[in-house]
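Here is the structure we will look at, set down as structure tokens.
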Amino acid sequence: MANYPEYFNPDMELLTRPEIEALQLQKLKKTVEHCMNSAFYRQRFAEAHLKPEDIKSLDDLRRIPFTTKQDLRNTYPFGMAAVPLEQCVRLHSSSGTTGNPTVILHTQKDLDMWANCMARCMWMVGLRPTDVFQNSSGYGMFTGGLGMQYGAEKVGMLTVPAAAGNSRRQIKFITDFGTTAVHAIPSYATRLYEVMQEVGVDPRRDTKLKTLLIGAEPHTEEQRRRIEEMLGVKAYNSFGMSEMCGPSVAFECQYQNGMHIWEDYYIVEIVDPETLEPVPEGEVGEMVLTTLNREAMPMLRYRTHDLTRILSGPCPCGRVHKRLDRMKGRSDDMIILKGVNIFPMQIEQVLMQFKELSSQYLITLYTTDDNDDMRVDVELNEMTDDYNFLQNLTRQITLRLKDEILCTPKVKLLPKGTLPQQEGKAVRVKDERKHFA
Ligand code: ADP
Ligand code: ZN
């Protein structure tokens with residue numbers, strides 16, 4: 001490591017493409033073999049008339065059936081385990097953004113691998129033992145809590161497990177402990193800034209903040225830039241999901257040009273969510289992940305429902321691990337309004353271009369007189385009673401939205417603090433339609 005101070009694990013981070021592929025094949029074969037200890041995968045392979053020995057190349061991965069969230073639910077809680085329960089030391093459960101919770105088991109080795117990978121991500125964005133790291137994620141079933149905690153300790157930072165909520169206390173910790181790095185979901189990062197303003201804390205003057213790790217929910221580039229501007233920090237996008245451990249699956253490096261997905265941990269495929277065939281290189285599709293290091297619950301070709309694409313070209317940081325584009329959303333987040341497909345992020349992207357608007361917004365779908373419609377409520381940074389100004393701004397936003405999403409929502413400008421605040425991930429869409437499109 002002495003020769004490569006910028007890398008946490010240079011042996012893995014600096015693999016060349018042929019080395020990555022050779023390692024992946026070796027690990028894939030091992031994983032598939034290990035999956036035969038799982039009742040679920042034994043049956044899956046039998047049904048597909050497939051044997052572990054049939055997987056001879058990385059291309060053979062495509063012969064393996066997909067694993068879905070429904071499979072996890074069907075085998076709830078422990079039916080997918082590939083080791084006896086007494087070898088497991090922890091379980092996490094997905095926060096259940098969409099539907100029932102699912103259970104993910106971990107052995108001690110799984111947790112160690114996870115902490116190492118997390119530390120690698122943190123090191124990559126420049127965090128060092130001299131940093132003070134504060135985590136504003138809930139500690140518990142949500143993997144953003146413990147996942148980040150163990151990674152930060154592995155880096156050797158002083159960690160402040162502040163956990164979710166209580167923004168004033170959060171800010172007091174930041175100022176009193178000299179916090180330099182915070183992990184927050186993007187909607188909460190914005191909230192923190194608002195509360196700083198309320199209590200008269202200027203992040204640039206009164207804190208040592210320099211790095212934010214933001215992830216766990218979709219957000220636009222515009223939103224990121226706003227967070228950086230507000231708090232005077234660099235904000236790095238972090239992707240994770242409980243089924244793949246949690247945070248650390250993919251992370252931006254200091255160049256902020258997409259998230260490196262760690263290919264010594266995962267094989268990534270991008271498929272057409274309808275046909276399930278691979279999309280041409282560089283096109284958007286559903287991300288499918290295969291774990292390569294997991295003991296308790298290996299997962300083969302897991303359908304994430306997250307839509308993204310692989311960015312091409314080398315990264316100046318020297319890592320060839322593939323880069324994922326910012327998540328477009330989940331395929332099941334897509335709004336279908338009057339036959340038009342709309343992603344909430346398209347709306348966010350438009351809203352964030354107006355500096356008069358705050359980052360808090362809510363999209364409501366509703367029915368009047370048998371007609372489905374959309375309303376976009378958005379908070380203003382500063383309320384005014386200048387009627388002409390408000391009317392003009394509303395018109396401009398509506399026009400820009402129409403250009404982007406091809407239908408005309410009702411736009412409503414609200415004073416700050418009007419929209420409901422969530423403890424966890426932001427709820428951006430409320431569907432109150434009587435009949436669904
Ligand atoms: P749940 O599925 O209940 O939300 P998780 O905490 O496991 O529970 O959430 C994982 C999901 O969160 C991902 O599948 C993805 O949709 C979303 N997500 C995580 N990180 C990001 C990110 N950086 N950008 C966009 N979406 C993200
Ligand atoms: Zn890079």
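The values are calculated or read from the model by the stated rules, or taken from the named source; none is laboratory data. Quick caveat: nothing in here was measured; it's all calculated off a predicted structure. FYI the Cβ positions are ideal-geometry reconstructions off the backbone, even for glycines, and counts take in every protein chain you see. Areas reflect the complete protein model, heavy atoms only, side chains present, ligands, DNA and RNA absent. Shrake-Rupley method; radii C 1.70, N 1.55, O 1.52, S 1.80 Å.
Miscellaneous remarks
- Scanning the range 358-370 for residues that are free of Cβ contacts under 8 Å to residues at least 24 places away in the same chain and polar (S, T, N, Q) yields a single hit, T368.
- From D386, D373, D377, residue being surrounded by fewer than 13 Cβ atoms within 10 Å (Cβ to Cβ) and without any contact (Cβ under 8 Å) to a residue 60 or more places away in the chain: D386
- In summary, strands (runs of 3 or more DSSP E) completely within the range 323-406 and bearing 2 or more residues that are at pLDDT 95 or above occur at 357-368, 371-380.
- On inspection, V271 qualifies as of a type outside the set (S, T, Y) and more than 30 Å from L393 (Cβ to Cβ).
- Within the range 308-330, if we keep just the residues that are open to solvent by 10 Å² or more (accessible area, probe 1.4 Å) and under 17 Å from K425 (Cβ atoms), the residue that is nearest to ligand 2 (Cβ to nearest atom) turns out to be R326.
- Selection of the range 1-45 for residues being open to solvent by 30 Å² or more (accessible area, probe 1.4 Å), part of a helix (DSSP H, G or I) and of a type in the set (S, T, N, Q) yields Q26, Q43.
- When the criteria are applied in full, V340 fails the requirement of being within 16 Å of ligand 2 (Cβ to nearest atom) and aliphatic (A, V, I, L, M).
- Test: residue in the range 95-108 that is part of a helix (DSSP H, G or I) and open to solvent by 30 Å² or more (accessible area, probe 1.4 Å): yes
- Once the range 132-150 is narrowed to residues that are over 18 Å from the mean Cα position of the chain (by Cα) and open to solvent by less than 10 Å² (accessible area, probe 1.4 Å), the residue that is nearest to ligand 2 (Cβ to nearest atom) is F133.
- Strands (runs of 3 or more DSSP E) contained entirely in the range 225-271, each with at least 3 residues that are within 16 Å of ligand 2 (Cβ to nearest atom) and open to solvent by less than 20 Å² (accessible area, probe 1.4 Å): 234-240, 247-252, 259-261
- Hey, I174 surrounded by 22 or more Cβ atoms within 10 Å (Cβ to Cβ) and within 26 Å of L362 (Cα to Cα) or not: no
- Within the range 55-72, restricting attention to residues that are open to solvent by less than 40 Å² (accessible area, probe 1.4 Å) and of a type in the set (D, E), the residue that is farthest from P298 (Cα to Cα) is D60.
- Residues that are within 19 Å of the chain's Cα centre (by Cα), open to solvent by less than 10 Å² (accessible area, probe 1.4 Å) and within 16 Å of ligand 2 (Cβ to nearest atom), drawn from the range 117-131: C117, R120, C121, M122, M124, V125
- Restricting E277, E295, E286 to residues that are open to solvent by less than 40 Å² (accessible area, probe 1.4 Å) and either of a type in the set (D, E) or in contact (Cβ under 8 Å) with a residue 60 or more places away in the chain (or both) narrows the list to E286.
- Residues in the range 213-224 that are open to solvent by less than 10 Å² (accessible area, probe 1.4 Å) and hydrophobic (A, V, I, L, M, F, W, C) were compared, and the one that is nearest to ligand 2 (Cβ to nearest atom) is L213.
- Taking the criterion of being farther than 13 Å from F133 by Cα and open to solvent by less than 50 Å² (accessible area, probe 1.4 Å), the residues of the range 151-170 that qualify are A164, G165, S167.
- Test for V89: is it open to solvent by less than 60 Å² (accessible area, probe 1.4 Å) and of a type in the set (A, V, I, L, M, F, W, C): no
- Qualifying residue in the range 349-357 (condition: open to solvent by 20 Å² or more (accessible area, probe 1.4 Å), more than 16 Å from ligand 1 (Cβ to nearest atom), among the acidic types (D, E) and more than 30 Å from T408 (Cα to Cα)): no
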